[in-house]
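K.L.:
Sharing a structure here in structure tokens format.
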Amino acid sequence: MTAHAGDSVDVCRRRAARLLAAKAPPLPVDTAAIERFILRSGRPVPPVLVAGAELGELCLAFDELGATATGVDRVAEAVQRACQVYPAGVFVCAAVPGLPADGGAFEGVWCGRLLSHVSDPAPVLADLHRVLRAGGLLQLETLPGVGIAADPTSDGVLDRHRHLASRLEAAAATLDLNLYDSTALPDGWVRMLFRREY
């Protein structure tokens, strides 16, 4: 399969710009999963880092459910769209790895399908581990398998890097992130929840 190098960022930029220009209503998010995540954190008002798609919608849901969310995306248009959806939200334009946050700044990290945009998840996991407090939770989703899956969208083709859940679990374990829960999603993705031990 031919890779569309660089296209995924451009597709994300076009999607965010289209939603921004249309002043589209907020997209739906899985509030039940967010509520479970907050409850599992065991903290009354956990600070949570949210990275990736539907940034404004996710941060709004986290804040409404009792967390304190900070959203991050490397695409400026996605951050602008997040501000449009949730004007009172806290958003930063930055890449992972390279988060502008202190070590241990967050009780939770919700990064959705972020790893599908990188061929090597190790540096991303290391940076997410760095900003996560001991005992904190990391939630991510992966498209199981190997190689790249082309995901055609109305804004272009997204290259989705596939990662075996077992390899992600092994890579996370080297960072003292232990698998806490794993759920197969209806669309073929797997949601994985890790807890940082130390």
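K.L.:
Between a first residue in the range 77-97 that is in a helix (DSSP H, G or I) and a second residue that is β-branched (Val, Ile, Thr) and at pLDDT 95 or above, which pairs have beta carbons less than 8 Å apart while being 6 or more apart in sequence or on different chains?
P.N.:
Every condition considered, the pairs that remain are Val79/Val92.
K.L.:
How many residues are among the aliphatic types (A, V, I, L, M) and buried (at least 22 other Cβ atoms within 10 Å of the Cβ) when one looks only at the range 132-144?
P.N.:
Start the filter on the range 132-144 by keeping residues that are among the aliphatic types (A, V, I, L, M), which leaves 132, 134, 137-138, 140, 143.
Then drop every residue that is not buried (at least 22 other Cβ atoms within 10 Å of the Cβ), which leaves 132, 137-138, 140.
Counting residues in the range 132-144 that are among the aliphatic types (A, V, I, L, M) and buried (at least 22 other Cβ atoms within 10 Å of the Cβ) gives 4.
K.L.:
Identify all residues within the range 1-17 that are modelled with pLDDT under 90 and outside any loop (DSSP other than H, G, I, E, B); write none if there are none. Walk me through how you get there before you give the answer.
P.N.:
Filtering the range 1-17 for residues modelled with pLDDT under 90 gives 1-9.
Within the range 1-17, Asp7, Ser8, Val9 qualify.
K.L.:
Among what's in the range 32-85 and is β-branched (Val, Ile, Thr) and over 24 Å from Ala22 (Cβ atoms), pick the residue that is surrounded by the most Cβ atoms within 10 Å (Cβ to Cβ). Let's see the steps before the verdict.
P.N.:
As a first pass, look at the range 32-85 and keep what is β-branched (Val, Ile, Thr): 34, 38, 45, 48, 50, 68, 70, 72, 75, 79, 85.
Narrowing the set further to residues that are over 24 Å from Ala22 (Cβ atoms) leaves 34, 38, 45, 48, 68, 70.
Details: Ile34: 22, Ile38: 23, Val45: 12, Val48: 28, Thr68: 14, Thr70: 21.
Among them, the one singled out is Val48.
K.L.:
Need pairs with beta-carbon distance below 7 Å; first residue in contact (Cβ under 8 Å) with a residue 60 or more places away in the chain and within the range 9-36, second among the acidic types (Asp, Glu) and assigned to a loop (DSSP other than H, G, I, E, B); sequence gap 6+ or separate chains.
P.N.:
Val11/Asp155; Arg14/Asp155; Arg15/Asp155; Arg18/Asp155
K.L.:
Just to be sure I understand, how many residues within the range 146-168 are surrounded by fewer than 17 Cβ atoms within 10 Å (Cβ to Cβ) and of a type in the set (Lys, Arg)?
P.N.:
Looking only at that region, the number is 2.
K.L.:
Right, something else. With (1) in a helix (DSSP H, G or I); (2) closer than 29 Å to Ala149 by Cα as the list, and Leu49 as the residue in question, which single condition is left unmet?
P.N.:
(1)
K.L.:
Still on this structure, I have one more. Within the range 148-197, work out how many residues are under 27 Å from Ser41 (Cβ atoms) and in contact with a helix residue (DSSP H, G or I) (Cβ under 7 Å, 6 or more places away or on another chain).
P.N.:
11
K.L.:
Moving to a separate point now. Between residues in the range 116-131 that are at negative phi and touching a residue at least 60 places away in the same chain (Cβ under 8 Å) and residues that are part of a helix (DSSP H, G or I) and buried (at least 16 other Cβ atoms within 10 Å of the Cβ), which pairs lie under 6 Å by C-beta distance while being six or more apart or on different chains?
P.N.:
Every condition considered, the pairs that remain are His117/Ser8.
K.L.:
Next question, about the same structure. Looking only at the range 7-31, filter to residues that are of a type in the set (A, V, I, L, M), more than 16 Å from the chain's Cα centre (by Cα) and buried (at least 16 other Cβ atoms within 10 Å of the Cβ); which one of those is farthest from Thr68 (Cα to Cα)?
P.N.:
Of everything passing the filter in the range 7-31, Val11 is farthest from Thr68 (Cα to Cα).
K.L.:
Can you tell me which residue is surrounded by the fewest Cβ atoms within 10 Å (Cβ to Cβ) among those in the range 169-190 that are assigned to a strand (DSSP E or B) and of a type outside the set (S, T, N, Q)? I'd like the intermediate steps shown before the answer.
P.N.:
Taking the range 169-190 and keeping what is assigned to a strand (DSSP E or B), we get 177-184, 190.
Narrowing the set further to residues that are of a type outside the set (S, T, N, Q) leaves 177, 179-181, 184, 190.
Working: Leu177: 24, Leu179: 16, Tyr180: 13, Asp181: 13, Ala184: 11, Val190: 17.
This residue is Ala184.
The values are calculated or read from the model by the stated rules, or taken from the named source; none is laboratory data. In this text the structure is predicted, and so the values were computed from the model without any measurement. Cβ atoms come from the backbone with ideal geometry, glycine included; neighbour counts cover every protein chain shown.
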